Amino acid sequence: MWYRIAPLNFSARRGRPTDEPNIDPLTTHNDNTSALVTTLKAANGKREPKSAVRLLLINPRFPESFWSFRWAVNRILPDTRALNPPLGLATVAALCPADWEIEIIDENVEPVPLDPAVDLIGVCGMAIQYPRQRELINYYRQRGYYVVAGGSYASLCPERYENLVDTVVVGESEYIWPAFCRQFEQGDPLNMYRETGTVDLADSPIPRFDLLKLDRYATIPIQFSRGCPYRCEFCDIIVMFGRRPRTKEPEQIGRELDQLRALQVRNVFFVDDNLIGNKRKAKQLLRYLVDYKKHHNASFNFGTEASLNLAEDEELLRLLREASFSWVFIGIESTDQASLEESKKTQNTRGDILASVRRIYRHGIDVFAGFIIGFDNDTTGTFERQHRFIVDSGILVAMVGLLTALPRTPLYQRLKVAGRLITNYDTLDNTKPGTNIIPKRMGSETMVEHYKALYARLVDDAEIAHRIRNKMRYLHHPVYQGGYRFADCCKILRRLLVRGILPGGLTRFGRFVHTLAAHSPRTWPQIISDWITGLAIRDYVQRYFGIDAARERQLAEETLGFIRRTYAAQLYRGHLEVSLIPSHTVNRLALTLRTTIDPSFFTGAARRLEKLLRTSAATVTLHLKEFRENQPYQLDRLLRRLSRYGDRVSLELDETLRRNLTTDLSLFHLRL
């Protein structure tokens with residue numbers, strides 16, 4: 001899904017302080033809880049929180065995925081570090097007692113503090129974030145902090161947190177977070193808070209947008225509804241939110257937009273998993289947004305997620321355009337009728353899917369789409385059919401994933417009973433070439449190889465250009481017009497040409513120019529955005545799908561050999577250690593730097609490490625110990641050189657060294 005935020009499950013109820021939350025009776029307070037809180041506070045020297053509680057909320061670092069668009073974020077978009085900030089944590093902050101002192105740290109745009117002066121730490125997380133979430137929790141608990149965890153993964157798999165954190169919040173938290181806050185202040189919180197009732201979104205407050213570094217993100221999320229009326233077998237939304245969509249009132253959204261307008265935000269993402277789950281309410285919202293835009297002369301650019309039956313409602317399409325929705329993400333999943341029926345995606349079987357996509361285009365709205373391969377009905381021929389549809393439809397943001405069984409979904413239960421789950425497969429990122437299911441009509445290795453080949457075709461320059469042309473035959477008057485200041489538009493175009501188009505040679509340049517020349521200048525912002533998207537996906541696919549194990553091993557061993565030969569004296573004195581952990585997928589090169597390192601190392605080794613990261617999928621770990629005062633300057637030069645590949649560079653360093661460095665350490669994976 002397009003960076004699905006909900007449920008981050010850190011939210012609480014305001015306005016009904018005397019109401020008791022619906023807490024699962026199986027998670028009632030046990031006799032050890034007070035003793036645990038007292039022991040932790042004594043061990044860390046913390047006081048019983050009689051004055052304002054100091055709360056640190058952390059959004060763990062995301063591993064790179066299809067939805068990171070890392071190349072676009074790092075290389076093209078000005079002053080952008082990530083796509084979306086943590087809406088859930090901003091909501092939590094708004095739901096805390098008024099006198100609490102709150103800070104939000106998003107590890108995707110800034111480093112986490114190693115020794116924060118706080119009383120309480122909250123760590124959210126989706127399934128893809130769980131490994132890093134676990135690292136953070138273990139680190140802070142070992143240092144004596146009281147840690148509470150929440151998020152969509154904690155709601156799906158609370159058993160994985162029972163012995164990991166002091167308190168886990170399960171489910172929507174509007175009604176249970178205040179109970180935790182009160183009981184924490186009293187020194188007597190429970191081990192688990194589980195929502196068992198139905199949350200009224202009228203009780204959800206305006207998120208604390210002021211606590212987020214909004215200028216570091218491409219799009220700012222807000223939420224109108226939760227829940228979806230459909231029964232897709234593979235989806236966890238109805239497991240967490242139910243099938244009866246609940247909504248905020250349009251005036252609530254207006255107050256949130258007032259805040260964003262004051263903060264000069266223009267790009268807004270409605271993170272609802274299906275904005276039109278309740279069409280009547282959705283139309284009320286859209287009419288309100290049309291009036292809001294006119295009344296405030298607001299220039300918001302909206303995007304959202306919706307089901308394909310959007311295309312059946314002409315009024316809905318008209319309102320989306322008038323309200324300035326420039327894109328919508330749709331779960332198309334498959335064009336095969338049998339696969340859609342098998343997965344209970346029946347809302348996509350009512351008409352011609354390609355015609356539906358083109359109908360949405362005609363209203364100026366771009367379509368992002370999700371596709372799935374691996375249903376019981378799917379064969380190797382499914383890949384060709386998916387490819388043909390994606391090209392014919394012109395969809396650029398086409399996330400093709402292998403079917404993955406998420407915990408507690410009907411699909412998970414069915415395949416578990418059938419013995420078709422790979423139990424030791426612990427990565428639930430369906431944008432990688434792997435899955436936790438055993439396919440029915442093709443071998444697992446065959447499915448993965450065809451999957452890689454499909455993406456290799458889709459990111460070819462000719463196919464990117466072809467899809468843009470097919471889209472623009474119908475998207476004549478796109479809502480999207482850039483949303484950036486003129487100076488930033490010029491910067492984006494220059495970077496795209498220098499870093500994206502020209503490196504592809506005259507052929508790519510010719511295709512780029514042709515897509516622009518064949519269409520009206522009014523469509524150029526859309527076309528330029530599509531080229532950025534296509535090249536960002538190409539960069540991701542080439543780095544994660546095209547791994548040649550023998551070549552990868554050779555590059556890593558050559559780098560290891562160079563460092564050993566060139567810096568033999570440093571190795572002999574014990575100032576430097578280097579080792580390689582080979583793998584058939586990702587090779588790991590580890591270096592330990594101690595005391596004084598010859599300055600030549602920071603230039604010569606940097607060039608070789610940068611080459612290794614640029615030409616392979618290898619990772620680099622730097623252990624930095626006992627550095628002299630003059631070394632941070634040289635280390636900064638090394639880190640700046642490696643920062644472009646920071647997702648694959650791990651750093652282990654002490655707090656003193658961190659303070660002396662000027663490099664943005666959030667670009668790297670910080671080992672705790």
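The values are calculated or read from the model by the stated rules, or taken from the named source; none is laboratory data. In this text, all values refer to a predicted model and were calculated from it rather than measured experimentally. Using ideal geometry, Cβ is built from the backbone for each residue, glycine included, and neighbour counts are taken over all protein chains shown.
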Which one of the conditions (1) surrounded by fewer than 23 Cβ atoms within 10 Å (Cβ to Cβ); (2) closer than 27 Å to S529 by Cα does E341 fail to meet, given that it meets all the rest?
(2)
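For (1) crowded, with 17+ Cβ neighbours inside 10 Å; (2) in a loop (DSSP other than H, G, I, E, B), each residue gets a yes or a no:
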position	(1), (2)
N274	yes, yes
L286	yes, no
T304	yes, no
A311	yes, no
E315	no, no
Residue tally, condition of a type in the set (A, V, I, L, M) and closer than 20 Å to L657 by Cβ, over segment 567-600
6
Conditions: (1) under 21 Å from the mean Cα position of the chain (by Cα); (2) at positive phi; (3) not hydroxyl-bearing (S, T, Y). G144 meets all but one. Number of the miss?
(1)
Identify the single condition in (1) buried (at least 21 other Cβ atoms within 10 Å of the Cβ); (2) in a loop (DSSP other than H, G, I, E, B) that L164 does not satisfy, given that it satisfies every other one.
(1)
If S579 passes every condition in (1) over 28 Å from Y455 (Cβ atoms); (2) crowded, with 16+ Cβ neighbours inside 10 Å; (3) touching a helix residue (DSSP H, G or I) at 6+ places or on another chain (Cβ under 9 Å) but one, which one does it miss?
(2)
Looking at segment 53-147, what strands (runs of 3 or more DSSP E) fall wholly within it and have at least 1 residues that are among the polar types (S, T, N, Q) and either in contact with a Cys (Cβ under 8 Å, 6 or more places away or on another chain) or modelled with pLDDT of 95 or more (or both)?
54-59
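From the list I222, I238, I206, I253, exactly one residue is under 24 Å from the mean Cα position of the chain (by Cα) and buried (at least 22 other Cβ atoms within 10 Å of the Cβ). Which is it?
On inspection, the qualifying residue turns out to be I222.
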Kindly establish whether Q264 is more than 30 Å from T435 (Cα to Cα) and either outside any helix (DSSP H, G or I) or not assigned by TED's automatic domain parsing to the domain that holds L320 (or both).
yes
Could you please find all residues in segment 344-368 being crowded, with 18+ Cβ neighbours inside 10 Å and of a type in the set (V, I, T)?
I353, V357, I360, I365, V367
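So is T380 touching a residue at least 60 places away in the same chain (Cβ under 8 Å) and surrounded by fewer than 21 Cβ atoms within 10 Å (Cβ to Cβ) or not? Full working, then the answer.
Values: touching a residue at least 60 places away in the same chain (Cβ under 8 Å): yes; surrounded by fewer than 21 Cβ atoms within 10 Å (Cβ to Cβ): yes.
So T380 passes the test.
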Taking R408 as meeting all but one of (1) crowded, with 20+ Cβ neighbours inside 10 Å; (2) at positive phi, write down the number of the exception.
(1)
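Given the structure, is D188 part of a helix (DSSP H, G or I), more than 30 Å from I372 (Cβ to Cβ) and either touching a helix residue (DSSP H, G or I) at 6+ places or on another chain (Cβ under 7 Å) or not assigned by TED's automatic domain parsing to the domain that holds W71 (or both)?
no
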State the number of residues belonging to segment 142-169 that are free of Cβ contacts under 8 Å to residues at least 40 places away in the same chain and within 18 Å of F62 (Cα to Cα).
2
Could you figure out which of (1) within 16 Å of L308 (Cβ to Cβ); (2) out of contact with any strand residue (DSSP E or B) (no Cβ under 9 Å at 6 or more places or on another chain) isn't true of M442?
(1)
Which one is modelled with the highest pLDDT, of the residues in segment 344-364 that are of a type outside the set (K, R) and in contact with a Phe, Trp or Tyr (Cβ under 6 Å, 6 or more places away or on another chain)?
Y361
State whether one or more residues within segment 493-515 are in contact with a Ser or Thr (Cβ under 9 Å, 6 or more places away or on another chain), of a type in the set (A, V, I, L, M) and either buried (at least 19 other Cβ atoms within 10 Å of the Cβ) or closer than 26 Å to R359 by Cα (or both).
no
